[in-house]
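Novice: Quick one: this structure, given as structure tokens, is what I'll be asking you about.
The values are calculated or read from the model by the stated rules, or taken from the named source; none is laboratory data. Quick caveat, the model's predicted, so the values are computed rather than measured. With ideal geometry, Cβ positions are generated from the backbone for all residues, glycine too; neighbour counts draw on all protein chains shown. Quick note on the areas: whole protein, heavy atoms, side chains included, nothing else; ligands and nucleic acids left out. Shrake-Rupley method; radii C 1.70, N 1.55, O 1.52, S 1.80 Å.
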Amino acid sequence: MIRRKIFITLLFILVLASGCNYKNNGDSMEPKNKVESKKVDPIEESIKKMTLEEKIGQLIFVGIDDTVISEKSKELINKYKVGGIILFKRNIVDSEQTIKLMNSLKNENSKNPVPLFLGIDQEGGKVSRIPEEFIVTPTGREIGSTNDKDFAFKIGSILGKQVSYLGLNLDFAPVLDIYSNAKNTVIGDRAFGKDENVVSNISTEVIKGINSQNIIPVVKHFPGHGDTVVDSHVGLPKIDHDYERLNNFELVPFKRAIENNIDMLMVGHILLTKVDSENPATMSKTIISDILRGDLGFKGVVITDDMVMGAIVENYSIEDASIKSIQSGSDIVLIGHGYETVVKVVDNLRKAVHDGNISEERVNESVYRILKVKDKYNLNNNNTLSDVNRIKDINNELNNTLKEVR
């Protein structure tokens with residue numbers, strides 16, 4: 001009997017000893033000292049597998065010169081691993097040719113690990129790059145003058161359908177600039193109006209409309225190109241407003257877009273003399289990192305306006321400006337034309353990383369944001385099919401939408 005009691009006591013102690021290493025988690029028992037496995041981030045894992053050349057390529061968005069894929073275009077994709085291609089009027093003959101060009105670019109890029117951004121400036125009005133088979137949507141001013149959110153959404157949706165039909169996945173629109181200077185010719189009727197609240201309300205709906213077609217809207221031109229006289233295509237515009245004025249006026253539509261989780265934003269070539277007297281916005285750490293990312297909390301992709309515009313080439317070397325832009329917080333530099341220029345920029349960015357002027361960690365930050373957007377929109381290299389009846393449907397939808405407000 002005594003031996004039996006001793007045996008039961010020892011057994012009880014052993015059970016307690018083994019139990020003390022476990023915690024009760026609902027109905028299960030888990031070791032207290034179990035190390036929780038870290039959740040794997042697929043984007044981080046993808047970046048680890050990329051070469052430096054592939055990473056730097058993602059920071060470059062280029063224009064090409066032809067209506068069919070050329071050897072230089074193939075080299076930009078295969079050798080320099082560019083992350084995005086923008087179409088201009090020079091690349092477009094008609095819808096069938098444009099779709100063939102897009103499919104050729106996608107097929108060429110299928111050897112690379114990351115799909116391409118394929119973009120176009122399709123705002124409507126005078127900034128319309130799509131083939132003439134499509135009816136052009138109204139100007140920003142016409143849309144804003146209705147102050148009709150439903151109408152603005154429908155126009156945004158039609159813009160998205162036009163862009164999507166051609167096999168593109170990104171639209172450099174809408175303009176969030178406020179038309180506050182009557183001498184401003186570069187913005188003019190591209191803006192939705194003169195009032196910050198109207199511009200905010202209408203642009204928000206256009207953004208949602210474009211987005212509804214799984215097209216990436218890129219809002220522009222941060223921190224506001226509406227109160228300029230100089231055209232940044234020709235020279236460097238200067239604005240003398242202080243931060244308080246900007247925050248209460250020019251930045252209002254951008255803040256609304258950021259609150260609505262916009263994925264991409266274009267920074268303009270504008271010198272804000274009372275905010276950063278030395279650097280245009282595209283090269284300013286104060287404007288991109290401190291204000292846009294810090295104060296406004298923007299976590300998406302920042303792309304520059306075209307670096308071959310007069311505002312840059314008349315004042316800086318594109319290579320140096322591109323490096324400074326990335327150092328200041330931009331994710332992508334846009335180079336609208338010039339194969340040799342693209343090559344120089346890529347080579348200089350690579351050298352900047354090797355020399356320690358840009359850390360690879362800094363490059364990885366931008367690549368992460370870029371891949372996150374590409375993954376969100378499920379970008380791929382699948383071919384697009386042509387269907388002329390679809391163009392008729394889109395045109396009919398636009399005509400019916402215009403009848404509702406006219």
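Novice: Condition test on HIS337, is it of a type outside the set (Ser, Thr, Tyr) and without any contact (Cβ under 8 Å) to a residue 60 or more places away in the chain? Reasoning before the result, please.
Specialist: Working: of a type outside the set (Ser, Thr, Tyr): yes; without any contact (Cβ under 8 Å) to a residue 60 or more places away in the chain: no.
No.
Novice: Restricting attention to the range 377-406, which residues are part of a helix (DSSP H, G or I), out of contact with any helix residue (DSSP H, G or I) (no Cβ under 6 Å at 6 or more places or on another chain), hydrophobic (A, V, I, L, M, F, W, C) and open to solvent by less than 90 Å² (accessible area, probe 1.4 Å)?
Specialist: Those that are part of a helix (DSSP H, G or I), out of contact with any helix residue (DSSP H, G or I) (no Cβ under 6 Å at 6 or more places or on another chain), hydrophobic (A, V, I, L, M, F, W, C) and open to solvent by less than 90 Å² (accessible area, probe 1.4 Å): ILE391, LEU402.
Novice: I'm checking my understanding of the structure. Among residues of the range 84-136 that are out of contact with any Leu (no Cβ under 7 Å at 6 or more places or on another chain) and among the small types (Gly, Ala, Ser), which one is nearest to ILE69 (Cα to Cα)?
Specialist: Filtering the range 84-136 for residues that are out of contact with any Leu (no Cβ under 7 Å at 6 or more places or on another chain) and among the small types (Gly, Ala, Ser), the one nearest to ILE69 (Cα to Cα) comes out as SER104.
Novice: Ok, one more. Within the range 190-200, can you find the residues that are of a type outside the set (Lys, Arg) and buried (at least 19 other Cβ atoms within 10 Å of the Cβ)? Please lay out each step first, then the result.
Specialist: Quick first cut of the range 190-200, residues of a type outside the set (Lys, Arg) only: 191-193, 195-200.
Answer for the range 190-200, where residues must be of a type outside the set (Lys, Arg) and buried (at least 19 other Cβ atoms within 10 Å of the Cβ): ALA191, PHE192, GLY193, GLU196, VAL199, SER200.
Novice: For residues in the range 126-148 being among the basic types (Lys, Arg) and part of a loop (DSSP other than H, G, I, E, B), which is nearest to VAL405 (Cα to Cα)? Break it down into steps so the answer makes sense when it comes.
Specialist: Step one: filter the range 126-148 for residues among the basic types (Lys, Arg), giving 126, 129, 141.
Subsequent filtering for residues that are part of a loop (DSSP other than H, G, I, E, B) retains 126, 129.
On the way: LYS126: 20, ARG129: 25 Å.
Once the filter is applied, the top-ranked residue is LYS126.
Novice: Which residue is farthest from ASP290 (Cα to Cα), if the candidates are limited to the range 210-229 and must be small (Gly, Ala, Ser) and crowded, with 24+ Cβ neighbours inside 10 Å? Break it down stepwise before answering.
Specialist: Step one: of the range 210-229, the residues small (Gly, Ala, Ser) are 212, 224, 226.
Then drop every residue that is not crowded, with 24+ Cβ neighbours inside 10 Å, which leaves 224, 226.
Numbers: GLY224: 16, GLY226: 22 Å.
By that ranking, first place goes to GLY226.
Novice: Of the conditions (1) β-branched (Val, Ile, Thr); (2) in a loop (DSSP other than H, G, I, E, B); (3) crowded, with 20+ Cβ neighbours inside 10 Å, VAL234 fails just one. Which one is it?
Specialist: For VAL234, the failing item is (3).
Novice: A further question follows. Name the residues in the range 61-84 that are open to solvent by less than 10 Å² (accessible area, probe 1.4 Å) and touching a helix residue (DSSP H, G or I) at 6+ places or on another chain (Cβ under 6 Å), would you?
Specialist: Correct list: VAL62, ILE64, ILE77, VAL82, GLY83.
Novice: Could you tell me whether the range 335-356 includes any residue that is touching a helix residue (DSSP H, G or I) at 6+ places or on another chain (Cβ under 8 Å), assigned to a loop (DSSP other than H, G, I, E, B) and either open to solvent by less than 10 Å² (accessible area, probe 1.4 Å) or within 23 Å of ILE215 (Cα to Cα) (or both)?
Specialist: No, there is no match, as no residue in the range 335-356 is touching a helix residue (DSSP H, G or I) at 6+ places or on another chain (Cβ under 8 Å), assigned to a loop (DSSP other than H, G, I, E, B) and either open to solvent by less than 10 Å² (accessible area, probe 1.4 Å) or within 23 Å of ILE215 (Cα to Cα) (or both).
Novice: Same structure, new question: What number of residues within the range 260-307 are open to solvent by 20 Å² or more (accessible area, probe 1.4 Å), closer than 16 Å to LEU176 by Cα and hydrophobic (A, V, I, L, M, F, W, C)?
Specialist: 1
Novice: Hey, any hits in the range 92-108 for a residue that's modelled with pLDDT of 95 or more, in a loop (DSSP other than H, G, I, E, B) and among the aliphatic types (A, V, I, L, M)? Don't jump to the end; show me each part of the working.
Specialist: Our first condition is that a residue be modelled with pLDDT of 95 or more; within the range 92-108, this holds for 92-108.
Imposing the further condition that a residue be in a loop (DSSP other than H, G, I, E, B) reduces the set to 92-94.
Among the residues that remain, those that are also among the aliphatic types (A, V, I, L, M) are: 92-93.
Scanning the range 92-108 turns up at least one residue that is modelled with pLDDT of 95 or more, in a loop (DSSP other than H, G, I, E, B) and among the aliphatic types (A, V, I, L, M).
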